[in-house]
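Please read the structure below before turning to the comments.
The values are calculated or read from the model by the stated rules, or taken from the named source; none is laboratory data. Note that the structure is a prediction, hence the values are computed from the model and not measured. Cβ sites come from the backbone with ideal geometry, for glycine too, and all protein chains shown count toward neighbours. The area values use the complete protein model at the heavy-atom level, side chains included, leaving out ligands, DNA and RNA. Shrake-Rupley method; radii C 1.70, N 1.55, O 1.52, S 1.80 Å.
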Amino acid sequence: MDAPFPRDPLLSATDAVQELKDAFAALGITLPSIGIDLASCVSDLPVRPLVELGRCNLETARRLTVVLREAAP
């Protein structure tokens with residue numbers, strides 16, 4: 001059996017962004033500027049596209065800190 005064609009990297013990145021949004025939402029965290037870094041889609045980087053987590057307000061940064069500390073071993 002032939003191996004399937006590799007999945008389009010942009011579709012994979014789109015799925016990854018949605019999965020991150022869903023995971024953050026389940027923790028009560030919203031990162032409004034999360035998305036695909038469009039510049040990385042056309043760059044010569046070996047791994048592309050990149051996911052841009054973007055900017056967040058102070059409240060969200062603190063919530064992320066709490067969640068990450070709780071998840072740390």
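Observations on the model:
- Cα centroid of the stretch 49-73 to Cα centroid of the stretch 6-33, whole Å: 14 Å
- Accessible area expressed per residue, the chain, with surrounding protein chains retained (probe 1.4 Å, Å²): 82 Å²
- The accessible surface of the chain, taken with every protein chain in place and a 1.4 Å probe, is 61 percent carbon and sulfur.
- Using only side-chain charges placed at the Cβ, +1 for Lys and Arg and -1 for Asp and Glu, the dipole size of the chain relative to its Cα centre rounds to 360 debye.
- Where N is the number of residues in the chain, Cα Rg divided by 2.2 N^0.38 Å: 1.36
- Relative contact order %, the chain, counting alpha carbon pairs below 8 Å whose residues are six or more apart: 28 percent
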